[in-house]
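Report on the following structure.
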Amino acid sequence: MESVQNIKQRFEIIGNEPKLNRAIEKAIQVAPTDISVLVVGESGVGKESIPKIIHSLSHRKHGKYIAVNCGAIPEGTIDSELFGHEKGAFTGATSTREGYFEVANGGTIFLDEVGELPLTTQVRLLRILENGEFLKVGSSQVQKTDVRIVAATNVNLFDAIQKGKFREDLYYRLSTVDIVLPPLRERKDDIHLLFRKFAADFAHKYKMPPLKLDDSAIQLLQKFRWSGNIRQLRNVAEQISVLETNREINGSILNSYLPDEGSNLPSVINEKKAESDFSTERDILYKVLFDMKSDLNDLKKLTLELMKNGTAKAQDINPNLIQKIYGSQEDDSEIDFEERPSTALIASKKPDNQYDEPEDSYLYTETIEEEEVLRLEQKEIEMIKKSLEKNKGKRKAAAEELGISERTLYRKIKQFDL
Ligand SMILES: Nc1ncnc2c1ncn2[C@@H]1O[C@H](COP(=O)(O)OP(=O)(O)OP(=O)(O)O)[C@@H](O)[C@H]1O
Ligand SMILES: [Mg+2]
């Protein structure tokens, strides 16, 4: 049996943390069997190397290895991608197509982000796991395939099960053996090792002298939370390698490359990161939504009041709303809408100012709502564009940054024709 050390060398895995070694050892042990494996760990911990190890040490190593990112395939086409389709199964299905499970017959399929699979696809997957049987989309002819499945997830599948988004029976089938990869913050001694390796690689790549960290920088590396784990560490190493002319890195230089996660050096403010921080924009967006919702409620209240009495009392209305509708000149205690024909609110009202028909009185809330929705959409488009540009078109990274799933991002790109 291959040793953990050999495998680390072959797959360029750095680190000596016992939990990491245990994960690799488990992969080596389970590889020769056909047992399904679930790889669990936070984003960026290195889950992708585990199925590769398993495949290359198995009797399937000359067969195909297909990695599928379940979160990146739109819901409408995922069944056809995985299981294939018959000619004419849906509009655009001009010919019969083989799915990954047919192509990978005799090999291994890695289902990354398995928690993102739609429930209907989960049913099909369960059948494959149970007896190797599947149906192409649009076909009633049962086919057989012999595929080893390794799945991975960075979300807690128990939560997904609780919420009815993931089938419990599928979970148990997939996780006959689970391999847990520890987050970087639990691999304190490996962090500097990894940083040095990345810094050396980037120094070579960009033809710069190597970086050197002082003690305060090493301490900060070990204290930082690294929520994006090894991927985040590598990005930081790359940024410093490219941007810092001073190759001696101390704690405060390093800190200026780290987002504020609450565990940085207390005295140094992170300015470089602030420019590209999307959380502020997201907060603004949420605030706009909340404001919009409460404005709508106020408007509805107002409408009802007007329908009942023809006038509305100022104390019943949120002063902010009055401000928004009339600008700053309003300070009357009683508002009479019929006397203010120039406002946006009156614009879509019936010319005779009668509020006896509810449909008409809701017209203006709709107009305002539409405008707000358009503005929100514009903001959303801007944020998506900005994030895609920043991440050089990488949807996965952009989705992560925006705090949405890759599939949602894909849908929005299509929806807004970006
Ligand atoms: N032990 C390691 N040594 C060196 N590089 C590593 C190690 N583990 C991971 N990496 C690198 O870190 C990056 C992130 O790893 P990977 O893509 O496997 O993460 P992941 O766990 O699949 O994350 P996600 O859930 O976000 O997909 C990759 O570029 C990988 O090469
Ligand atoms: Mg991954």
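What to note about this one:
- Once backbone amide H atoms are built at 1.01 Å from N, Val45 has Ile230 as its partners under 5 Å, excluding neighbours fewer than 5 places away on the same chain.
- Integer Hz, Karplus 6.51/-1.76/1.60 couplings in order for segment 12-22, x for Gly and Pro: 6, 9, 9, x, 10, 4, x, 5, 5, 4, 5
- Segment 185-263, relative contact order [Cα under 8 Å, separation at least 6], %: 40
- Under 12 Å, Cβ to Cβ, from Asp190 - net charge with Lys/Arg +1 and Asp/Glu -1: +4
- Total formal charge among the other residues, if their Cβ is under 15 angstrom from that of Val137, Lys/Arg +1 and Asp/Glu -1: -2
- Nonlocal amide H pairs with Ile249, under 5 Å, H built at 1.01 Å: Lys212, Leu213, Asp214
- The accessible surface of segment 185-263, taken with every protein chain in place and a 1.4 Å probe, is 52 percent carbon and sulfur.
- Of all DSSP beta bridges in segment 4-182, antiparallel share, percent nearest 5: 20
- A simple rule links phi to the HN-Hα coupling: the Karplus curve 6.51 cos²θ - 1.76 cosθ + 1.60 with θ = phi - 60°, which for segment 184-198 gives 4, 5, 9, 10, 3, 6, 7, 4, 5, 4, 5, 4, 4, 5, 4 Hz, with x for Gly and Pro.
- Rounded to the nearest Hz, the phi-derived 3J(HN,Hα) couplings of segment 167-181 under the Karplus curve 6.51 cos²θ - 1.76 cosθ + 1.60 (θ = phi - 60°) are 6, 5, 4, 5, 4, 5, 5, 6, 9, 3, 10, 10, 10, 9, 9, where x marks glycine and proline.
- Entries of Lys61/Lys205; Lys52/Lys412; Lys308/Lys379; Lys390/Lys414; Lys26/Lys412; Lys205/Lys392 with Cα pairs more than 29 Å apart: Lys61/Lys205; Lys52/Lys412; Lys308/Lys379; Lys26/Lys412
- Just so you know, the Cα atoms of segment 4-182 work out to an Rg and Dmax of 16.5, 54 Å.
- Relative packing of 97-110, 403-416, which averages over residues the other C-beta atoms within 10 Å, highest first: 97-110, 403-416
- Accessible surface area normalised per residue over segment 4-182 is 46 Å², counting heavy atoms of protein chains with a 1.4 Å rolling probe.
The values are calculated or read from the model by the stated rules, or taken from the named source; none is laboratory data. Since we're looking at a predicted model, the values are computed, not measured. When we count neighbours, we look across all protein chains shown, and the Cβ atoms used for this are built from the backbone with ideal geometry, even at glycine. Keep in mind that these areas ignore ligands, DNA and RNA; they rest on the heavy atoms of the full protein, side chains included. Shrake-Rupley method; radii C 1.70, N 1.55, O 1.52, S 1.80 Å.
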